[in-house]
Amino acid sequence: MPLITVGVNHKTAPVEIREQIAFAPENVPSALRQLTAFPEVSEAAILSTCNRTELVCCAEKEDAQSIIEWFHRYHNIDASRVNPYIYIHPNQYAVQHLLRVASGLDSLILGEPQILGQLKAAYTTAVRSGSIGTLLGRLFQHTFSVAKQVRTDTAIGSSPVSVAFAAVNLAKQIFSNFSEHTTLLIGAGETIELAARHLHKDGIGNIIVANRTVERAHALANEFGGYAITLAEIPAHLAKADIVISSTASQLPILGKGAVESAIKTRKHRPVLMVDIAVPRDIEPQVGELDDVYLYTVDDLHEIIEENVKSRQEAALQAEEIIEAQVSHFMGWLRSLDAVATIKAYRDNAQRIRDEETRKAQRLLANGTPAEALIEQMARTLTNKLIHAPCVQMRQAGYEGNAELLQVSRELLDIKDSDL
C-alpha cells in the first residue's frame with residue numbers, strides 16, 4: 001500500500017498562502033475523518049504548523065490527485081492558487097521526508113526541537129480520530145525513535161536556535177538596553193514560552209502576556225515576573241509595549257491597523273518592534289505600513305536564523321546519514337509485509353501435513369504398532385511430504401534450464417556449494 005505525503009512548507013510557499021491552508025487544531029479530527037472516508041485513503045495524519053501543512057496518507061494506489069482535490073475543497077481554495085506550491089513525496093521519499101522533518105532538518109531553523117513535539121501531537125490527534133492503522137502507526141513510532149537517535153548521536157540541537165530565539169535576537173539588535181523596555185507576548189504556547197525565557201534571560205524590563213485563556217497567561221507571566229491580560233484587553237496595554245511577539249492559533253488577526261495606530265500616538269511615536277510568528281498571521285499586514293512600527297513575519301526571520309545555524313551544518317550531515325540508513329530499514333520492513341501472506345500459507349500447509357501424520361501415528365500406536373518403528377515411519381513420511389513440492393519445482397527448473405530459479409531455491413533452502 002503506497003505511502004504519500006502532500007504538503008506545502010516555508011520553502012515552497014509564502015506566508016500568505018500557508019495561512020490560507022492551515023488547519024485549526026480543533027478542526028483536524030473532523031478533517032481526518034473526511035479524508036479517510038475516501039476509499040482511496042485508508043490511513044492519514046495531518047501536521048499543520050506555522051511553517052508547514054502536510055497530509056501523510058496510506059493510499060490504495062500511488063496517486064495523490066484525489067488527496068489534492070480534497071485539500072482544495074476543504075479549504076475552498078482555487079487549485080491554480082495553491083498547486084504551484086504543493087510537493088508530493090511517495091513511498092520511501094515520504095518516509096525520508098518525515099524523518100527529516102522530525103529531526104529538524106527540514107525546519108526554518110535547522111535542528112529546532114519544537115517540530116518533534118508538534119509531530120507527536122499530530123500523531124496523537126490522528127490516533128484519537130481513528131485514522132492511524134498499522135502502517136502509519138509503525139512509521140510514526142519509527143520516526144520518533146530516529147529523531148531521538150539523531151538528537152543523541154549528533155550535535156544538531158546543541159545551539160540555542162529557534163524562531164523564538166531569532167525574534168528575541170532581532171529585538172536585541174533594535175533595543176540596546178533590555179532592562180528599560182517592555183514586551184507584550186500574545187499567546188501562551190510553546191513558542192511564546194520559549195521567547196519569554198530568552199527575554200527574561202536577557203534582562204527584559206517587563207513582560208505582559210495576553211492569551212485567550214487568562215489562567216494559562218497568568219501561569220506564564222508569574223514565572224517571569226510579569227502580568228497577564230486577556231486578548232480583549234490588548235488595546236488598553238498596547239502602548240506600553242516596545243516589543244510585541246505574537247504566536248496564537250487564531251484564524252483571524254488579533255491586532256489591526258487601527259489599534260496599533262492609536263497605540264503609536266499614545267507612545268508619542270516611540271518605535272515599536274512587532275514580530276508575528278503565527279500562521280495564519282496574528283497582525284494585519286497593513287500594520288507594517290505605519291511609521292515607527294517595524295513589523296516582521298516568520299519569513300522575515302530567515303536571514304537572522306541563517307547566521308545561527310552554521311554550527312549545525314556538520315551535525316546535519318551526520319543526521320542525513322542516520323536517516324538514509326533508517327529509511328532503508330523501514331522500507332525493508334514495509335516490503336516484508338508482501339511476504340507475510342506467502343509465509344503464513346507455507347506454514348499452514350506444513351502444519352496441516354504435521355497434524356495429518358500425527359493423527360495417523362496415534363491411530364497406529366493405539367493399534368499396537370511399535371513406537372520405535374512408528375517414529376521412523378512418521379519422520380520419513382513427514383520429510384517426503386514437506387520436500388515433495390520444492391523437489392518437483394527444482395526438477396522442472398533443471399529440465400527447463402532455469403538457473404535463476406535453482407539459485408533462488410538454494411538460497412531459500414540454505415544449500416551451500418559444499419553440499420552439492
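Can you name the residue in segment 170-179 that is free of Cβ contacts under 8 Å to residues at least 60 places away in the same chain and outside any loop (DSSP other than H, G, I, E, B) and, of all such residues, is farthest from Leu255 (Cα to Cα)? Steps first, please.
If we filter segment 170-179 for residues that are free of Cβ contacts under 8 Å to residues at least 60 places away in the same chain, which is where we start, we get 172-173, 176-179.
From what is left, the residues that are outside any loop (DSSP other than H, G, I, E, B) are 172-173, 178-179.
Values: Lys172: 23, Gln173: 24, Phe178: 24, Ser179: 25 Å.
My answer is Ser179.
For residues in segment 240-256 being out of contact with any Gly (no Cβ under 9 Å at 6 or more places or on another chain) and surrounded by fewer than 18 Cβ atoms within 10 Å (Cβ to Cβ), which is nearest to Arg52 (Cα to Cα)?
For segment 240-256, the residue satisfying everything is Gln251.
If you check Glu54 against the conditions, is it of a type in the set (D, E, K, R) and at pLDDT 95 or above? Step through it out loud before you land on a result.
Numbers: of a type in the set (D, E, K, R): yes; at pLDDT 95 or above: yes.
Considered against the rule, which asks whether it is of a type in the set (D, E, K, R) and at pLDDT 95 or above, Glu54 comes out as yes.
Can you tell me which residue within segment 19-62, out of those that are among the charged types (D, E, K, R) and in contact with a Pro (Cβ under 8 Å, 6 or more places away or on another chain), is surrounded by the fewest Cβ atoms within 10 Å (Cβ to Cβ)? Full working, then the answer.
Our first condition is that a residue be among the charged types (D, E, K, R); within segment 19-62, this holds for 19, 26, 33, 40, 43, 52, 54, 60-62.
From what's left, in contact with a Pro (Cβ under 8 Å, 6 or more places away or on another chain): 19, 60-62.
Details: Glu19: 17, Glu60: 13, Lys61: 10, Glu62: 12.
Step by step, filter segment 19-62, then rank; the result is Lys61.
Could you run through segment 121-178 and say how many residues are touching a Gly at 6+ places or on another chain (Cβ under 6 Å) and β-branched (Val, Ile, Thr)? Spell out how you get there, then give the answer.
Filtering segment 121-178 for residues touching a Gly at 6+ places or on another chain (Cβ under 6 Å) gives 151, 156-157, 178.
Filter once more, keeping what is β-branched (Val, Ile, Thr): 156.
Counting residues in segment 121-178 that are touching a Gly at 6+ places or on another chain (Cβ under 6 Å) and β-branched (Val, Ile, Thr) gives 1.
Failed condition for Ala278, given (1) at pLDDT below 95; (2) of a type in the set (Gly, Ala, Ser); (3) more than 22 Å from Thr191 (Cα to Cα), with all others met?
Going through (1) at pLDDT below 95; (2) of a type in the set (Gly, Ala, Ser); (3) more than 22 Å from Thr191 (Cα to Cα) one by one, Ala278 breaks only (3).
Which residue pairs have Cβ atoms under 7 Å apart, sit 6 or more places apart or on different chains, and have a first residue in segment 215-231 that is assigned by TED's automatic domain parsing to the domain that holds Ala196 and a second that is acidic (Asp, Glu)?
That search, which allows pairs on different chains as well, returns Leu220/Glu193.
When both residues are 6+ apart or on different chains and their Cβ atoms are under 8 Å apart, which pairs have a first residue that lies in segment 180-204 and is surrounded by fewer than 20 Cβ atoms within 10 Å (Cβ to Cβ), and a second that is hydroxyl-bearing (Ser, Thr, Tyr)?
These pairs meet every condition: Gly189/Ser247; Gly189/Thr248; Gly203/Ser179.
Residue by residue through segment 394-420, note down the ones that are charged (D, E, K, R) and at pLDDT 85 or above. Steps first, answer last, please.
The initial filter retains those residues of segment 394-420 that are charged (D, E, K, R), namely 395, 400, 404, 410-411, 414, 416-417, 419.
Arg395, Glu400, Glu404, listed by residue number.
Do we have any residue at all in segment 57-64 that's of a type outside the set (Phe, Trp, Tyr), closer than 23 Å to Gln118 by Cα and under 17 Å from the mean Cα position of the chain (by Cα)? Spell out the reasoning first.
Kept after step one, since they are of a type outside the set (Phe, Trp, Tyr), are these residues of segment 57-64: 57-64.
Next, only the ones that are closer than 23 Å to Gln118 by Cα stay: 57-58.
Subsequent filtering for residues that are under 17 Å from the mean Cα position of the chain (by Cα) retains 57-58.
Yes: segment 57-64 contains one or more residues that are of a type outside the set (Phe, Trp, Tyr), closer than 23 Å to Gln118 by Cα and under 17 Å from the mean Cα position of the chain (by Cα).
Mind checking whether some residue in segment 147-155 is surrounded by 21 or more Cβ atoms within 10 Å (Cβ to Cβ), without any contact (Cβ under 8 Å) to a residue 60 or more places away in the chain and not acidic (Asp, Glu)? Don't jump to the end; show me each part of the working.
Within segment 147-155, the first condition is being surrounded by 21 or more Cβ atoms within 10 Å (Cβ to Cβ), and the residues that meet it are 147, 150, 154.
Narrowing further to those that are without any contact (Cβ under 8 Å) to a residue 60 or more places away in the chain: 147.
With the extra rule that they be not acidic (Asp, Glu), the set shrinks to 147.
Looking through segment 147-155, at least one residue is surrounded by 21 or more Cβ atoms within 10 Å (Cβ to Cβ), without any contact (Cβ under 8 Å) to a residue 60 or more places away in the chain and not acidic (Asp, Glu).
Are there any pairs with C-beta distances below 8 angstrom linking a residue in segment 342-360 that is more than 20 Å from Leu374 (Cβ to Cβ) to a residue that is surrounded by 11 or more Cβ atoms within 10 Å (Cβ to Cβ) and of a type in the set (Phe, Trp, Tyr), with the two at least 6 apart or on different chains, and if so which?
As it stands, the answer is none, since no pair meets every condition given.
Considering only segment 343-376, state which residues are more than 27 Å from Leu412 (Cα to Cα), of a type in the set (S, T, N, Q) and either assigned to a helix (DSSP H, G or I) or at pLDDT 90 or above (or both).
Gln362
Considering only segment 266-296, state which residues are buried (at least 23 other Cβ atoms within 10 Å of the Cβ) and either among the polar types (S, T, N, Q) or in contact with a Phe, Trp or Tyr (Cβ under 8 Å, 6 or more places away or on another chain) (or both).
Those that are buried (at least 23 other Cβ atoms within 10 Å of the Cβ) and either among the polar types (S, T, N, Q) or in contact with a Phe, Trp or Tyr (Cβ under 8 Å, 6 or more places away or on another chain) (or both): Val272, Met274, Val275, Asp276.
The values are calculated or read from the model by the stated rules, or taken from the named source; none is laboratory data. None of these values were measured; they are calculated from a predicted model. Positions of Cβ are backbone-derived with ideal geometry, glycine not excepted, and every protein chain shown enters the neighbour counts.
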